[in-house]
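Every number here is computed from the coordinates shown, using simple stated rules; none is lab data. Bear in mind the structure is a predicted one, so any value in this text is a computation, not a measurement. All Cβ positions, even for glycine, are placed from backbone atoms using ideal geometry, and neighbour counts span all protein chains on display.
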Amino acid sequence: MSRLNFRVEARCWGTRARAGRFTALHGEVVTPVFMPVGTRATVKSQTVETLKATGAQVLLANTYHLLLRPGPEVFRRFGGIHKFMNWDQPVLTDSGGFQIFSLHRSREMNEEGARFQSYIDGKSFMLTPELSIDMQKAIGSDIMMVLDQCIPSTAGHDEAKAAMELTHRWALRSLAAREDSPQSMFGIVQGACHHDLRRQSAEFLRQLPFDGMAIGGLAVGETSDLRYEFTGLVAEMLPEHLPRYLMGVGTPLDILEAVHRGVDMFDCIMPSQLGHRGTVYTSHGKMQLRRSVYKFAEEKLDATCDCITCRDYSRAYLHHLIKSDEPLGWHLLVTHNLAFYHRLTREMRESIVAGTFERLYERKRVELARDDEDNPGTPPRRNQVKIPRLGDYEVHFNPKGFASIKQISSGEIMHSVNPPAEEANRLYVEQSGLAQRLLKNSQANGAEDLVVWDVGLGAASNAMAAVRCFEQVLGETNIEQGGAGRTGGLRHLHLISFECDLDPLALAYKNNRNFPHLFHGAPARLLEKRRWEHSSGLCTWELFHGDFLELFKTARVPDIVFFDPFSAKTDRSFWTYQTFLMLYEYFKGADTALYTYSTSTAVRAALLAAGFLVGNGVGTGPKEATTVAFTSVAAHARHRNAPALLGPEWLQRWHRSGSRFPRGLAEADQPGFCDKIENHPQFSIPGQ
């Protein structure tokens, strides 16, 4: 059991965002949480009263700087940092690892630790894991960090591997040095921007008795896209029952993106540093108060903020203070920035609890990227945006504010009407009752494994919706059963994706800022290894790369089929009577349900003639209905809110239709095809 007794209280469907709570030595903390940086036992320009007024729950202090001044003796005399600085809420101390990185020109590294010269008196000392933990024990912080070696995130593989392995050895020494202290301790995952090293590091550290896990070595040289990719990769591999802390990151947008990927805790000097320079984050965009445009501005800084700065002072006065280098200006702007950060984390938590985080995310990721929209510094550019492309595919930006993948040659767009994740959830995951079918105790469920086919992987919208559903159910099951890892109530999900062209997924993943459903480690692993397995061992995702019609008989017979290839106009072979007949014959004996977006009369007729029972599925976007097909009456009964099967009215319309037959059906075969439709058993079922 973690010393923090961390528990996840809510998750939001369609994302990895979670709202949690833990109890530290000096109070309870709710997550997501931003921790202001108080390097030397003070947050620059702030008092403990103003920090509490802005909403601060936890402060961060720096072991290296406090070791040099005032030193461990002072903290031991006062009984720790809380009494010393008059702060009665939790404190987290970093270990000095970042100083090893940032002071690389004035230190010597070896296995024992890092030797420094004090910037105060020139005294030389060796910062070891044992000394770092001893100092943190003297400080009396609620949460201690292990000593780690941080290197540039762009470092080569050999350098990153050596630093990671040293971090692991220091982690073991840090744990040993803690002894019986009641203080919590976090491990730190390193590995730079190398997928295999990050996996190794997470796997090594998750076996140790830490109370939380940190993601280190980011925001030190990589692009924002790489930062988001590796944040998601590592978060997905960390234990569900421990808090996750992204160290030293960052902007409000960075925090939003990381919460979307499952991170709980953050720190950064940016709110203080930017405030000192006259820059603030507001609901109007990021503003620089030194600009002369604010000299006569009478309005408040941010109309949506209730902090003391926005409540009592005009932009003109704040401009004057900053231009005059008055300390009051620094204080007021830092106060506002901290209030902005804390309000953002509160809003995210509230939306996670309410199940609306995905909508908040889509809105905030636009808002948080803006500069001052009231007074833009330069006219907006009118240059055409370069459209990302790969092979025969490009990113299509919908006017409604979401992105899809478009095939250039055919002009067909994957999930063109609704956001891809939203449509995948409604049409495939929710309609199939996947969440309920993952539970062993459901009366409708049978075998230990639940096999799902994803026909037409594309940009993995449907497959990732299934993975997210599994993780949601897994998390809820753990919460209900009172702890992590208690997964006896779940079936194993075996997800099989079929695709002949991986360019759509590769393109979307490369531009995953526009495809938030890919904020996860699984797609990268699938592209690399053709297989991904969840850390619980209860979800496996396989890729069958090649021609579906040649490969499907080598796959396990499915319980559920997400049938989502391009339309018959582009992928004719998927929609023929012969294809559905082969599928029905392969599924025969199993209770299989097939879900597809098409409501074409010819497609439904082909399914019926092949032997399936066919009904109306849920509508999505402008479509009033979709199509669901079943191999048996039992499969139809298992369907959640089983839809009415097509009845005599549909049969009459089919007789009148000008497109009664699927493409490719020979004229000689049409009478027999008609006979199968007209004598189909489902049209004799009472009530249909």
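Things to note:
- Placing +1 on the Cβ of every Lys and Arg and -1 on the Cβ of every Asp and Glu, with no other charges, gives the chain a dipole of roughly 920 debye about its Cα centre.
- Contact order for the chain, expressed relative to its length and based on alpha carbon pairs under 8 Å spaced 6+ residues apart, stands at 10 percent.
- Loop GluC sites (Glu not before Pro), segment 34-113 (other Cβ atoms within 10 Å of the site Cβ: 11 or fewer; DSSP): Glu111
- Calculated [222 nm] ellipticity per residue, helices only, for the chain: -10500 deg cm²/dmol; basis is -39500 (n - 2.57) per DSSP H run with n ≥ 4, divided by all residues, nearest 500.
- Residues whose amide H lies under 5 Å from that of Gln89, counting only those 5 or more places away or on a different chain, are absent; hydrogens are built 1.01 Å from N in the peptide plane.
- Averaging Cα coordinates gives a centre for segment 499-552 and one for segment 163-232; these two points are 26 Å apart.
- The average projected area of segment 536-630, computed from the convex hull of its Cα atoms over all directions, is 7.4 nm².
- The stretch between Ser684 and Arg513 holds 56.4 nm of extra length on full extension. This uses 0.36 nm per residue minus the Cα-Cα distance.
- Using θ = phi - 60° in the Karplus curve 6.51 cos²θ - 1.76 cosθ + 1.60, the 3J(HN,Hα) couplings for segment 599-604 round to 10, 4, 4, 5, 5, 5 Hz; x is entered for Gly and Pro.
- Rg/Rh for segment 279-371 stands at 1.03; both radii use Cα atoms, and Rh follows the Kirkwood definition.
- Distance between segment 31-74 and segment 109-133 - C-alpha centres, whole angstrom: 22 Å
- Relative contact order (%) - segment 279-371, alpha-carbon pairs under 8 angstrom, separation at least six: 31 percent
- For segment 423-683, the pair-distance distribution built from all alpha carbon pairs, in bins 5 Å wide starting at 0, is 1, 6, 13, 17, 19, 17, 12, 8, 4, 3, 1, 0, 0 percent.
- On the principal axes of its alpha carbon atoms, segment 101-185 extends 38, 33, 19 Å, with the longest extent given first.
- Sorting 407-420, 496-509, 238-251 by average packing, meaning the other beta carbons within 10 Å per residue, from highest down gives 238-251, 496-509, 407-420.
- Most simply put, segment 1-156 has about 70% antiparallel DSSP beta bridges, counting only bridges with both residues inside it.
- Trypsin sites (Lys or Arg not before Pro) lying in DSSP loop within segment 569-601, provided at most 11 other Cβ fall within 10 Å: Lys569
- Residue exposure sequence - Val366, Val234, Val29, Val395 - by fewest surrounding Cβ within 10 Å: Val366, Val395, Val29, Val234
- Cys with no candidate disulfide partner in the chain (beta-carbon separation under 4.7 Å rule): Cys12, Cys150, Cys193, Cys268, Cys307, Cys469, Cys500, Cys539, Cys674
- The amide H of Gly212, built 1.01 Å from its N in the peptide plane, has Met185, Gly187 as neighbours under 5 Å, considering only residues 5 or more places off or on other chains.
- Each of Trp453, Trp654 was scored by other Cβ atoms within 10 Å of its Cβ. Listed from fewest to most, they are Trp654, Trp453.
- Counted by neighbouring Cβ atoms within 10 Å, the residues Lys676, Lys137 run from fewest to most as Lys676, Lys137.
- Put simply, the amide H of Ser632, placed in the peptide plane, has neighbours under 5 Å in Thr592, Leu613, leaving out anything fewer than 5 places away on its chain.
- Estimated translational D of segment 503-590 in µm²/s (Stokes, Kirkwood radius over Cα pairs; 37 °C; 0.692 mPa s): 214 µm²/s
- The antiparallel fraction among DSSP beta bridges confined to segment 558-632 stands at about 70%.
- A simple rule links phi to the HN-Hα coupling: the Karplus curve 6.51 cos²θ - 1.76 cosθ + 1.60 with θ = phi - 60°, which for segment 299-305 gives 6, 5, 4, 9, 5, 9, 9 Hz, with x for Gly and Pro.
- Karplus (6.51, -1.76, 1.60) ³J(HN,Hα), θ = phi - 60°, over segment 114-126, in Hz, Gly and Pro reported as x: 10, 9, 10, 10, 5, 6, 8, 10, x, 5, 8, 8, 9
- Looking at segment 423-683, the DSSP beta bridges with both ends there are about 40 percent antiparallel.
- The base-10 log of I(q)/I(0) for the chain, evaluated at q = 0.10, 0.11 Å⁻¹, reads -0.98, -1.13 [Debye formula, identical scatterers on Cα atoms, solvent excluded].
- Segment 280-351 and segment 605-667 have Cα centres spaced 59 Å apart.
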